[in-house]
Structures are given as structure tokens and as C-alpha cells.
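Coordinate-derived values only; no laboratory data. Since the model is a prediction, treat every value here as computed from it, not as a measurement. In this analysis, Cβ positions are derived from the backbone assuming ideal geometry, glycine residues included, and neighbour counts consider all displayed protein chains.
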Amino acid sequence: MAFLRPSAANEVVEVVRGRRVYLRPLTLDDYTEWSDLRAVSRAHLEPWEPEWRQDELWRSSYRRRIRHYQRESREDLGYAFGVFETAEDRLVGGLTLGNVRRGVMQCATRGYWLGEAHIGCGYMSEAVRAVIPYAFGQLLLHRLEAASMPSNTASIRVLERTGFVREGLSQRYLKISGSWQDHIRFALLAD
């Protein structure tokens, strides 16, 4: 049992809605669309993500991922969503509220990815804006954190556009694409 976990945190969220996108937990039925989008976007995604395993896009790996997401949600440790474009009801990316820390912190780390074909459409800014009321209202978090490599200007723009404030530089903060990378840290507070 998580210390000071609000009772609302264990309620199942079906859909978080924005104007042109909606977010919902991925299911096993989303495998083909997810793996196709990740496969065609691989060259774009790899420089910004942890090193891809050989079985990254296999159905068995996806099943483990979904079970992990479901367990994290049940235990109030993290919440993972697919980001879907509403008009055509298609997957365009993913967004997570991970590393949920309760107790005196009431904090989570926000992460996301976007399929290469959907860059520059404003979908991720809208998805981040849509999840903020969920994080602060339903999950009763006090703080959202995010980090971006200094060279990832598109991600930095999304964070700044959605109200996140720079807090500093962490050296060799995350292991991305096989090596430890510096990251600019950002935060957004509920108040």
C-alpha cells in the first residue's frame, strides 16, 4: 500500500480527452498499430530513448509491456497511455506518468514519444495539456517532472509550451541510446 495514496488513484481511467487527441491505456488489441508506428519511426525514436532490445517490437515483448503498465497502474506506481488522434482514431504516440512517488512528494515523471509522421502537428503539446488536469485532479499529484536532452529542441518546446519550468541540468542523468546523457530538468506544480 502506497503511503498517502489518494483513494482516487486506483480508479480506472478510461479516456483523457483533448481537443484533437485522446489518451487511454494501451491494450493487447493495439499491438499491430503500436508496433507498426514504432517500427516506421525507429530511426527518429532511437536517439531519444533507452537502447532498444532485439525483441522490442515482438508481440511477446508488447504483452509484457502491457502487463507491466497494468501492474504499475494498479499499484499507483505509474500510468501509461496511448495518444490517439481523434478524427481518424489512430495511434500517434504514447505518454506516461511514471515513477509516481507519494508520501511527502506526491510527484510523477512525465515521458512521451511521438511517431515520426506526426511531428509538428501539435498532438503532443495537446496530449500533455490534457493529462495535466488528470495528474493534478484525479491522481492528486503536487508536482510533475520531466527531462529532456539539450539537443532535443522539439521536446523542450513541448515542455515550455505546456507550462513546465526549467530547473537545471543533470549530468549523465539517463542512459539513452546506450550512453549516459545530460538532461535539462523541468517541473510543473499543481499550484
Stretch in the chain that is longest and holds no trypsin sites (Lys or Arg not before Pro) that DSSP places in a loop and that have at most 10 other beta carbons within 10 Å
54-191
Within the range 36-99, list the GluC sites (Glu not before Pro) lying in a DSSP loop whose Cβ has at most 13 other Cβ atoms in a 10 Å radius.
Glu51, Glu88
Unit Cα scatterers, Debye sum, the range 12-189: log10 I(q)/I(0) for q = 0.08, 0.10, 0.18, 0.19 Å⁻¹:
-0.23, -0.36, -1.36, -1.53
Please give, to one decimal in nm, the separation of the simple spin-label points placed at Glu167 and Met105, each 7 Å out from Cα toward the Cβ.
1.0
Run the simple label-point estimate for Leu140 and Leu189 please: 7 Å along Cα→C-beta, distance reported in nm.
2.0
Sorted by Cβ density within 10 Å, fewest first, the residues His118, His142:
His142, His118
Gap in Å between the Cα centre of the range 97-139 and the Cα centre of the range 36-63?
20
